[in-house]
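For reference, the structure discussed in these notes is given below.
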Amino acid sequence: MANNKKKNLPPQAQEYQAFQSKREVKRPIFKNCLKAFLIGGTICLIGQCISTFYIYYFNFTEQTAGNPTTATLIFLTMLLTGFGIYDRLGQFAGAGSAVPVTGFGNAVISAAIEHRTEGFILGVGGNMLKLAGPVIVYGVFSAFIVALIKTILLKWGGF
């Protein structure tokens, strides 16, 4: 179908597309995937180490260690974002630093830092929640729907 579109274009547009495709920067897809995998995996490894720390030193169970681990990762991300370290990591790793929960923490604190000159309420609070608000709403709503379906299945289905 793409070839049909090229055939239907005027000659000048075809020449321009050929010119553009010759000079287009080729992205190193394998290299980018490898960097994202390594950095994302390292973030997950750090999260596992934090979880293990909570389990062995604070007597949490594997299930109850999840929330403090997530909070610790978000706190560390916000701290690193404040010092400008996480942004450089994101430039290097791409999606590897954006997909884990640390990417969410980075996005929230970046908005807060960017709009701090507008004041704490309208600047920091308002712009920080522009991203966090929809994520929280859809997370809570999704959890409600899943719990509702589970309750219906357990009560009426007899599973």
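The table for this structure:
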read-out: Yes/no for PHE19 being aromatic (Phe, Trp, Tyr) and closer than 25 Å to ALA111 by Cα; value: no
read-out: Residue selected from segment 105-135 under the condition closer than 18 Å to ILE85 by Cβ and touching an Asp or Glu at 6+ places or on another chain (Cβ under 9 Å), by the criterion surrounded by the fewest Cβ atoms within 10 Å (Cβ to Cβ); value: SER110
read-out: Matching residues in segment 16-32 - criterion: being farther than 16 Å from GLN91 by Cβ and not polar (S, T, N, Q); value: TYR16, ALA18, PHE19, LYS22, ARG23, GLU24, VAL25, LYS26, ILE29, PHE30
read-out: Criterion: of a type in the set (A, V, I, L, M, F, W, C), in a loop (DSSP other than H, G, I, E, B) and either surrounded by 13 or more Cβ atoms within 10 Å (Cβ to Cβ) or within 14 Å of the chain's Cα centre (by Cα) (or both) - qualifying residue of PHE60, PHE37; value: PHE60
read-out: Test: residue in segment 117-132 that is at pLDDT below 90, part of a helix (DSSP H, G or I), closer than 22 Å to ILE39 by Cβ and of a type in the set (A, V, I, L, M); value: yes
read-out: Top-ranked residue in segment 63-87 [being part of a helix (DSSP H, G or I) and among the polar types (S, T, N, Q); ranked as nearest to SER110 (Cα to Cα)]; value: THR81
read-out: Total residues in segment 1-34, condition at pLDDT 90 or above and either polar (S, T, N, Q) or assigned to a loop (DSSP other than H, G, I, E, B) (or both); value: 2
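The values are calculated or read from the model by the stated rules, or taken from the named source; none is laboratory data. Remember, predicted model here, so these are calculated numbers, not experimental data. Ideal geometry is used to build each Cβ from the backbone, glycine not excepted, and the neighbour counts take in all protein chains shown.
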